[in-house]
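Presented below is the structure to which this report refers.
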Amino acid sequence: MMKKYLTLMALSLWLFATGAMASKGVAFIHGTGKQTNAYDDYWTGDFVNSVRQGLPDSSKFVVVNCDFDQFMWHQDAAGCLAGQLTDFINQQGITNLVAITHSNGGNVIRWIMSNPTYDARYPGIINSLGRVIALAPSSLGTPLADAVNQGNVFEQTLGWILGYGSDAVKQQQVSWMANYNTQLLYGTQGRPSLPKPFEAVIGSDVDSAIWDSDSYCGGYQYQVSLETTQNWLDNCSDGFLECTSQAGAGSVLFYDKSRTKGKEPLSHHQSRRNCFRLDTILRSEIQG
Amino acid sequence: MKKTMIAGLISISLMSVGSLTADEFEVNSMSVPMQHRDAPSITREHQPIHISFAETGEVWRNHQTAAVALESNEYWFQASGAELKRGVDLDITAPEPLVRFSSLTLPDSGQSLGGNQTGLPSLQPGLMGKQPGLSSVSRAQNSRRANAINPDQLEIFREGEVQPMRAAKQNMINEAQLASDTIFQRSGAMKLNASIGTGRFKMRSRQSLRDSDQYLINIKEKGSQKKLHMSAPRLSLLSGEAITFGAQMKDRNRTVSGADYLAYVVSPDGETRSVKLSAGKKGQWQIDMPSGFGSTRPGELHELYIDAYAAEGNNQLRRSGKIAFSVATPTAHLEDIQLVMDGDKLADSMINVTSEGRYELRGTLFGTDENGEMRSIMRSHSAYWLTPGLQQVALKLDQKILEKSGLKAPFALKSFELIDQSQLGVLHRQAEI
């Protein structure tokens, strides 16, 4: 009996010493767009519920819903994110937060990490943050955003708007991100480093061959669209972002083909879906 | 001298990853007179906050390089429905160009038109003939979407010929196919076949487009080494400062001779002005920002558009590009800053404030290792809500990070910045204090 008690005590001490007792949680942070049900509409329940199995307590997760059509610093963007993360951290007692971002969501959390004195909630979030796993982050912007915002004299002067030209799309132009990365954001080359690891998962290609079942993961129509937009990008791209942009801030966790099932590439749409075992890769990452 | 009251301090130390360099740091011109900020503060945070992140001991470097260097192998222009039905020129200098066409949305009749309110920009002589679509655009009266262009209904003609070319198009993508990606709604795209070669072509639509509808046409010559190279030594300006930038049309590394350059600046609210280019050496240019130009929401950027043209035999090489600048109102002036290293105080500063708001000091503390090399210790940030007048405020450090670094005096404060958080404007940058 005494031996069993001592073993349990030793196990508890070991768990404490290894940090397993620290309260780990996962936040899923969506990309561009105003989300009210990102669980279903942006990530899908299959993806979220698979990834969170990597947690010691799989109930400790939050799916953020904010308006990322706004500029990253906007109260409805970073302010909303700060509010939802702070509530999650406080209510669940999170001491080791893993933030999984997709696309422009990486810029919004990078804003918080780069501007820690802007809002009294930011230091608490940064302090609780263990790491950011940034899925296909638009760190250096995309030429596609420049393409839709390249209004010339008349278009701008008359106040005509490109209907799809939200502030977030403006922000993600290559020319605008070049400015923000040198003025307001940390983590890119030549700039101060970010306070916590920002690790990017890079999508490097788009498959849309109609005979290839891999093209159907996440929705075939998205693959066709992204393969078209890929024409405007470098050969290494996920159909929305060039690899250089995705790898432009923080460090690279992995390029898709190096770890996906069948060495399949992840298009920009597939990097937020259960495609080619991405979910299980992320599960093992948050376990580690 | 007024000493600011400091209350409710937050101090948190954090470990950091990565490295610090300071390639883009430079001293902002402080000769610009101070001004009041028109807009209210974007942030309502009044609490002083101090936070430092540990740095990883990088050796100090301060190489002066361009803050941005961009390349473009594409160009764009606007065309009306009437022009598309008549045919617009496409100048192609590389095989298999990509052509994208996007419908523009017209504003409500009651919506502000922005800009100079005349509906017509001031244009440089010669521009009209060079930019299709700028010459005959009429003002829209109602808000509606222009009809999408169907690539199936587009015809490509070699210049001077009346019969459309066969098999000129490939990979045509219509509106419905592109709309699944939210960034390309109401757009179509196609690639032109390599077999048609290069030169001047005409693109004509057989659709019944409204004459006044407007479209943005973008031609990208992917893989072409004929590019417009753009650069800028810095991207943050104070109101009244001139923009210095580089723009050169190059064919690989060779500068294309005889190229013409046109430039426009566009404010965040859409006001547009053509600007006179003053040439410097080796493709460097300077323009004066127009005074009283546009209004700015905090964080939004001004854009400098550059259109470049060069003759290539009977053909024309065209490229477009842009650089985005921040233009901050000089709401405060750094009068003095001293490295003090006293307790939790890293530096003392004296700031002359004209507009009430939230201001932040940032800098990186360096110390000396056993070999006498300077290495980074921590990046420190201190922010305060300040009222107009002379304010003495401190940049604070984290003593735990300092002790853990093991680095000793002499210390140095580098990569220093004064930021007006109320307008997200960088007011002062200095490589070393």
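The values are calculated or read from the model by the stated rules, or taken from the named source; none is laboratory data. If you're wondering where the values come from, they're calculated on a predicted model, not measured in any experiment. All Cβ positions, even for glycine, are placed from backbone atoms using ideal geometry, and neighbour counts span all protein chains on display. Note: accessible area is taken over every heavy atom of the protein model, side chains too, but ligands, DNA and RNA are not part of it. Shrake-Rupley method; radii C 1.70, N 1.55, O 1.52, S 1.80 Å.
In summary, the lysines within cross-link reach of B:Lys169, defined as a Cα separation below 27 angstrom excluding same-chain residues under 8 places away, comprise B:Lys85, B:Lys130, B:Lys191, B:Lys202, B:Lys220, B:Lys222, B:Lys226, B:Lys227. With the charge dipole of segment A:23-108 set up from +1 on Lys and Arg Cβ and -1 on Asp and Glu Cβ about the Cα centre, the Cα lying farthest toward the positive end among the listed residues A:Ala82, A:Phe68, A:Val26 is that of A:Val26. In the context of the full set of protein chains, chain A has a per residue accessible area of 34 Å² (1.4 Å probe). The distance linking segment B:248-277 with segment B:363-433 is 38 Å (Cα centroid to Cα centroid, whole angstrom).
In chain A, one over the average inverse separation of all distinct C-alpha pairs is 19.7 Å, which is the Kirkwood hydrodynamic radius. Scanning residues 5 or more positions from A:Asn104 or on other chains, those with amide H under 5 Å from its amide H are A:Thr32, A:Ser138, with H placed 1.01 Å from N in the peptide plane. The string of couplings for segment A:264-272 from the Karplus curve (6.51, -1.76, 1.60, θ = phi - 60°) is 7, x, 10, 6, 4, 7, 6, 6, 10 Hz, one whole number per residue in order, with x for Gly and Pro. 3J(HN,Hα) couplings calculated from phi for segment B:32-45 with the Karplus curve 6.51 cos²θ - 1.76 cosθ + 1.60 (θ = phi - 60°) are, in sequence order, 6, x, 5, 9, 7, 7, 6, 7, x, 4, 6, 10, 9, 5 Hz; Gly and Pro show x.
Rounded to the nearest whole Hz, the Karplus-based 3J(HN,Hα) values (6.51 cos²θ - 1.76 cosθ + 1.60, θ = phi - 60°) of segment A:239-246 follow the sequence x, 10, 10, 6, 4, 4, 5, 4, with x at glycine and proline. Under a 5 Å amide H cut-off, with hydrogens placed 1.01 Å from N, B:Arg234 pairs with B:Ala67 among residues at least 5 apart or on other chains. When a 1.4 Å probe is rolled over the protein heavy atoms, the share of accessible surface on segment B:327-433 that falls to carbon and sulfur comes to 45 percent. Buried between B and A is an accessible area of approximately 7000 Å², summed over both sides with a 1.4 Å probe. Simple rule: put +1 on each Lys or Arg Cβ and -1 on each Asp or Glu Cβ in chain A, find the dipole, and look at A:Ile281, A:Trp43, A:Ser175; the Cα lying farthest toward the positive end is A:Ile281.
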